[in-house]
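J.: Before anything else, here's the structure in question.
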Amino acid sequence: MRAHLGIRFVLAALLSAALGAFPAAAAGGMGSGPDYFPNVPLTNQDGKVVHFYDDLMKGKNVAVNIIYTHCSASCPLETAKLRQVQKLLGDHVGKDIFFYSISIDPKRDTPAVLKAYAERYHVAPGWQFLTGKQEDINLIAQKLGLTSMTDAVNRDGHQPSLMIGNEATGRWMRNSATDNPRFLAITMSNYFHWKVEQKTQSYASMGPVPTVDRGTYLFKTRCAACHTVGKGDGVGPDLVNVVGRRGHDWVARYVAQPETMLAEGDPVAKELFKKYKEVRMPNLELYPDDVRTLIAYIQKQSGAVNGAAKTAESSKTAESSKTAGSTKTAALSQHAH
């Protein structure tokens, strides 16, 4: 399986190009216009009632996924990664493309709950979180191709799909909402023909292709949307020295079964849940080997951070001693005169 990881990005890029050339295939023959998309009312996180076709879809470039705020699987990761996409796209979001996340649990996901959820992820303007009647949401999900035959057996109740397209042109493509944020941002830019300035290098000046080990891959794809190692808190806590602070066994179990530990009332899990605005740590469905690899990566990065901090402190101490020595010498010289 690991031998294929390096090819995945290339295959995804080729698929993206193919879908751009053959848009009808991307959405399985999705239609367009008011005869296809329902104009049902929805309510956004600010309590504003909007109509799905007239206000959200008509003539717009959109990116749409379905979520629910109490999800303990892919939804938190979807939202965190799409927030990174929003950052990368900058002013395009809310002007050239509109993000919509529609709750499939409208009984619990009131506008106030959705607003609090959006705030946890520091969502910026141009992205609406929406709720409504269950039957209307089911119809929207069906029309957008966000439902599948596997939903009933998926523990999330849905696949982490992201539909990107334009209602007027009828051009649509499906991506994973948990894909690499930079890849998704570039895919959207290319799909909608936006001009994005990119620094390019000649092949001669690029040097050898860097290797990405398994630990780096796991952290970048599963953790980096919410966490850093030594660069401060994000959506979740900074993980520097987490193994030393919490213990290896606790970290290993929490990475593997975060929702179970929270449900059991683990005091640290409860403390983290409260401190980080009730953002649920998703179950990443990692194999035991991957959990060990990920923890080893965090420990290695923590060591590098600690080493850099120690070097900086030593340099600071040496500089202070040098300054103090110079001051003392100057004072003695002045006293002698």
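J.: In what sequence, highest mean first, do 133-145, 300-312 appear when ranked by Cβ atoms within 10 angstrom?
T.: Values: 133-145: 17.0, 300-312: 13.2.
Per-residue mean Cβ counts within 10 Å order the peptides as 133-145, 300-312.
J.: Apply the Karplus parameterisation 6.51 cos²θ - 1.76 cosθ + 1.60, with θ equal to phi minus 60°, to every residue of segment 218-230 and state each ³J(HN,Hα) to the nearest whole Hz, in sequence, with x for glycine and proline.
T.: 4, 5, 5, 8, 10, 10, 5, 5, 10, 10, 10, 10, x
J.: By how many nm would the segment from Ala124 to Trp250 lengthen if fully extended, with 0.36 nm per residue of separation less the alpha-carbon distance?
T.: Between Ala124 and Trp250, full extension yields 41.9 nm more.
J.: Now for a separate question. Under 5 Å between amide hydrogens, which residues at least 5 positions from Arg171 or on another chain qualify, with H placed 1.01 Å from N in the peptide plane?
T.: Under 5 Å from the amide H of Arg171: Asn166.
J.: Under a crude label model (7 Å from the Cα following the beta-carbon direction), how far is Ala116 from Thr260 in nanometres?
T.: 2.8 nm
J.: Okay, moving on. Grab the other residues whose beta carbon is less than 11 angstrom from that of Met57, score K and R as +1, D and E as -1, and report the net.
T.: Here the count lands on 0.
J.: Enumerate the calculated ³J(HN,Hα) couplings along segment 244-254 in order (Karplus 6.51 cos²θ - 1.76 cosθ + 1.60, θ = phi - 60°), each rounded to whole Hz, writing x wherever the residue is Gly or Pro.
T.: The phi angles translate into x, 7, 9, x, 4, 5, 5, 4, 4, 5, 5 Hz.
J.: With r as the distance between the Cβ atoms of Val268 and Glu313 and R0 = 41 Å, compute the FRET efficiency 1/(1 + (r/R0)^6) and round to 0.05.
T.: 0.90
Readers should treat all values here as calculations from the given coordinates under stated rules, not as data from a laboratory. Because the structure is a prediction, the values reported are computed rather than measured. Note: ideal-geometry Cβ built from the backbone for every residue, glycine included; neighbour counts use all protein chains shown.
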